[in-house]
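The values are calculated or read from the model by the stated rules, or taken from the named source; none is laboratory data. In this text, all values refer to a predicted model and were calculated from it rather than measured experimentally. Cβ placement follows ideal geometry from the backbone for every residue including glycine, while neighbour counts extend to all protein chains displayed. To get the accessible areas, we keep the full protein, side chains included, count just its heavy atoms, and leave off ligands, DNA and RNA. Shrake-Rupley method; radii C 1.70, N 1.55, O 1.52, S 1.80 Å.
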Amino acid sequence: MTSKTLRFSRVLLLLPIIGLFLLYAFSKEPTSSIYLVVGKQANETELNTVEDLQNDLKKTLSAKVEVVANINDVPKKGTIILLGTPQSNSFIASLNTSKKIQITSVNPGPRGGIWAKTDLKNKKEIIVIAGSDVQGLQYAIYDYSNEILGVDPVQYWTGKEVVKKELKNLFAFENRHIAPPKVPLLCYFENDVDELANYRGDLLEYDWESYTELINSLVRLRYNAIQIFDMLGRPEFFIRPEYKELTDYQVDVAYVEKMIDYAQKKGMKVAIDFALGYQIHPMSADKATCWKDYKEDWITAWRYYLEKTPLRKTDIFILRPRHQVWDWEYKSSCGEDKIAVFNEVYKSFGDLVDEYKPEADKVLVCYSDGMEMWNDGFRPPKDWIVAWSDHGFGDFEHLPNTTDGYNFGTYMHAGYWLNHTVHNPYPEKVESVMKDMFSSYNADKFCLVNGQNFRPFLLNIEAYSEVCNDPESFDAHSFYKNWTERYFNEVSAKHAITSMKSLQEAQKNRIGYVQHLWEIREAISYLSDSPIQRPGKSPVAHDYKRVANDLEHVKVTEELIDLSVQEAEKGLKEITENEIFFHDYVYLPVVLYQDLIGFERTLHEMAVLKKEFEETSNDILLDDIKALFPEAKTQLDKIYQNRKSGDKSPKWDNWYNPKIRRPNNGFPTFEMLDQIESNLNAKS
């Protein structure tokens, strides 16, 4: 047999194998088609949302998914999903006219929508997902992706994998009328974002992926506005030494505009607090303490924002009745009454907004002393929405003595700067407090939710969304159960809830991870006989009374955090799915908290001994303190190691790195322990 004949014979032998391979390969190609039929009048936000649905369908089904603008272009075979509003899609309007579906601009109303199944003239069944307006369509689509396709609305942050579906699953629903949310404006506050802005890329600047995924998740959770704050260049970033040591900060104005454009393309309104200290166009702080002398400077600065910066694109104008450069109480340097000042300020600023953006919303955020000012008679013009502020952990220190006929809303914290690193999960508080604000004060016209650096606070962020959507149906127990079982099996979910409830109990009285950092500074200051350094403020003298005030509650905190860790460990052992998310969201934060509390308790033990030494001059007590140093150093090393090793998901590498954390209340160092040791040696 010639070599040529041999090669030919081998090819013949291979043909059946090649055929089987090709058959297998083609069998893996999509064998069916889904057609997403949009209206010819669909705007950019509608088309963007339909594109999200297209991608979700591709993730979950082995099918071709095409977007078409004419139902007559759809082949006889294939699944049809009709999408749009009566204004953008004439076929939806005709189905409504013929009574096959019920959807108009007033039924169910703004931000409302429907899911429906109906037949065409040829008896072909189709799916209709529609909204009374564009936002109603958005939420109808995103709810469908979540509930029918199983696409987690915060998938980017949780890593939850989708489970493959079949075509028949697309029709597995009852026709649904989606009522408009109770709260028409649900706004996310981009605030204290250091970790999210720092963990990869340039310091103090979101990388584009993080920012866009933040927006994408918020829209799926029914947030329809975002307040941009940190990314405008808050004064701390370019003034305070702690930040100047970290980086030579410079706001990127073009990037800010790009961020605003993306949010608006996704259908979100952009809210801006028109404070005057942003690096985007900073005003001198000495002009922020006397309205009557510098009124024109304030107005000129606002005009600059509206004419020369991306803030001209603002949809919701926010102002706090406080110092307009630094976020603290307004104390006039020229003898003014602050209520009289801000009665004028809000009139002047409101007139300016009406001149440039008459269709915009205006919101007075009564943060901190702003609530006392309201109760003492401060009143903006009637077209301002009044947002009443919680004290940081979901409760109110003050309540309004009257709403005085104003549209009222709320400013709530899903996370707060005092617990910035580790969340405080409180769905029960979200339920009770928000329902009371709705029923007692009709405070349902606006809700601003501060999510800090977003990722650790997913649970509370979603709880606020749910209660603002439908407070009557919101039940904290069911929410907790549904949220945890979305990710974990039933056993692990129960342990996760018990762990998080113990974590919440440990943070009573506005105590959190960052507050414990301050308490540690108090203890270190006392042990080293040095003043307490305060970011942005003058130092204060060390004092044992400060330490003594912390002893008992830290002991209780330790017990509760230990319980929280134990429950998280049990849940981790029982986990069968989403193990990495359980570790990173439920287990790791409480371990970090436990590390910190253990270190603080050792410092307290040393402080008690030092106080006793000061009263008795017994040198044995100094030896007892020194004997604790190895333990303290081991504990501090553990804090650093666990924060650096951090999450199991590679996506979040560097998130807890102490070097790039938000510098509020500082962070303990080994040099501080050396100072304590040196100080005690000097007393020997």
Please give the contour-minus-distance gain from Arg312 to Asp529: 0.36 nm per residue of separation, less the Cα-Cα distance, rounded to one decimal in nm.
73.0 nm
Integer Hz, Karplus 6.51/-1.76/1.60 couplings in order for segment 434-444, x for Gly and Pro
5, 4, 5, 5, 5, 7, 8, 10, 6, 8, 10
If you line up the long axis of helix 476-485 against the longest principal axis of the chain, both from Cα atoms, how many degrees apart are they, to the nearest 10?
70 degrees
Output ³J(HN,Hα) for segment 604-618: one whole-Hz value per residue in order, computed from phi by the Karplus curve 6.51 cos²θ - 1.76 cosθ + 1.60 with θ = phi - 60°, and x for Gly and Pro.
5, 4, 5, 5, 4, 5, 5, 4, 5, 4, 4, 8, 10, 6, 7
Modelled label reach - Leu120, point 7 Å along Cα→Cβ, segment 58-73 residues with backbone N closer than 11 Å
70-73
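About the Cα centre of the chain, what is the dipole size in debye to 20, counting +1 per Lys and Arg Cβ and -1 per Asp and Glu Cβ, all else neutral? Working shown, then result.
On the way: 81 positive and 102 negative charges, 713 e Å.
Using only the charged Cβ atoms, the result is roughly 3420 debye.
By how many nm would the segment from Lys40 to Glu329 lengthen if fully extended, with 0.36 nm per residue of separation less the alpha-carbon distance?
On the way: separation 289, 0.36 × 289 = 104.04 nm, distance 5.23 nm.
Taking 0.36 nm per residue and subtracting the Cα distance, the gain is 98.8 nm.
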Just the accessible area per residue of segment 165-308, please: how many Å² with a 1.4 Å probe?
38 Å²
State, as an integer percentage, the relative contact order of the chain based on alpha-carbon contacts under 8 Å between residues 6 or more apart.
10 percent
With angles folded into 0 to 90 degrees, how steeply does helix 670-683 sit against the dominant principal axis of the chain? Use alpha carbons for both and round to 10.
10 degrees
Of Lys347/Lys382; Lys40/Lys77; Lys287/Lys357, which ones are farther than 20 Å apart at the Cα?
Lys40/Lys77; Lys287/Lys357
Could you give the angle, 0 to 90 degrees to the nearest 10, between helix 338-356's Cα long axis and the longest principal axis of the Cα atoms of the chain?
30 degrees
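Could you state the per residue volume, in Å³, of the convex hull enclosing the Cα atoms of the chain? Provide the component values of the computation, followed by the final result.
Working: hull volume 152.3 nm³, N = 684.
Enclosed volume per residue, from the Cα hull, is 223 Å³.
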Counting only the backbone N, which residues of segment 333-363 are under 18 Å from the spot 7 Å out from the Cα of Ala285 toward its beta-carbon?
333-334
Between Tyr411 and residues 5 or more places away or on another chain, which pairs have amide H atoms under 5 Å apart, with H built 1.01 Å from N, and which residues are they?
Trp388, Ser389, Asp390, Leu448
Sort 498-507, 472-481 for me by packing, meaning the mean count of neighbouring Cβ atoms within 10 Å per residue, highest on top.
498-507, 472-481
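Among 450-458, 246-254, how do they line up by average Cβ neighbours within 10 Å per residue, starting with the highest? Provide the component values of the computation, followed by the final result.
On the way: 450-458: 25.1, 246-254: 14.7.
Top of the packing list down: 450-458, 246-254.
Convex hull over the Cα atoms of segment 327-422, averaged projected area in nm²? Before the final figure, lay out each step's value.
On the way: hull surface 30.5 nm².
Over all viewing directions, segment 327-422 projects a mean Cα-hull area of 7.6 nm².
Give the Rg/Rh ratio for segment 155-269, taking Rg as the radius of gyration of the Cα atoms and Rh as the Kirkwood radius, to two decimals. Provide the component values of the computation, followed by the final result.
On the way: Rg = 18.3 Å, Rh = 16.7 Å.
My calculation of the ratio gives 1.10.
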If amide H atoms are built 1.01 Å from N in the plane of the peptide, which residues on other chains or at least 5 residues away come under 5 Å of the amide H of Phe189?
Gln227, Val449, Asn450, Gly451
Positive-end residue, the chain charge dipole about Cα centroid, Cβ charges, pick of Ile81, Leu621, Leu137:
Ile81
Does segment 494-577 come out rounded, prolate or oblate by the C-alpha gyration tensor, with a ≥ b ≥ c the root eigenvalues, rounded set by a/c under 1.5 and, if not, prolate when a/b is larger than b/c and oblate if not?
prolate
Value at 222 nm in deg cm²/dmol, rounded to 500, when DSSP H runs of n ≥ 4 in the chain each add -39,500 (n - 2.57)
-15000 deg cm²/dmol
In this structure, the FRET efficiency calculated for Asn679 and Lys644 from their beta-carbon separation, with R0 = 41 Å, to the nearest 0.05, is 0.90
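Counting only other residues whose beta carbon sits under 14 Å from that of Met371, what net charge do I get with K and R as +1, D and E as -1? Can you show the working numbers first?
Working: positive: Arg320, Arg322, Lys338, Arg379; negative: Glu329, Asp369, Glu372, Asp376, Asp390, Asp395, Glu397, Asp404.
After counting each charged neighbour, the total is -4.
Pairs Lys295/Lys362; Lys508/Lys537; Lys266/Lys429; Lys168/Lys494: which exceed 22 Å Cα-Cα? Could you put the intermediate results ahead of the total?
Numbers: Lys295/Lys362 20 Å; Lys508/Lys537 26 Å; Lys266/Lys429 30 Å; Lys168/Lys494 32 Å.
Checking Cα-Cα distances, Lys508/Lys537; Lys266/Lys429; Lys168/Lys494 exceed 22 Å.
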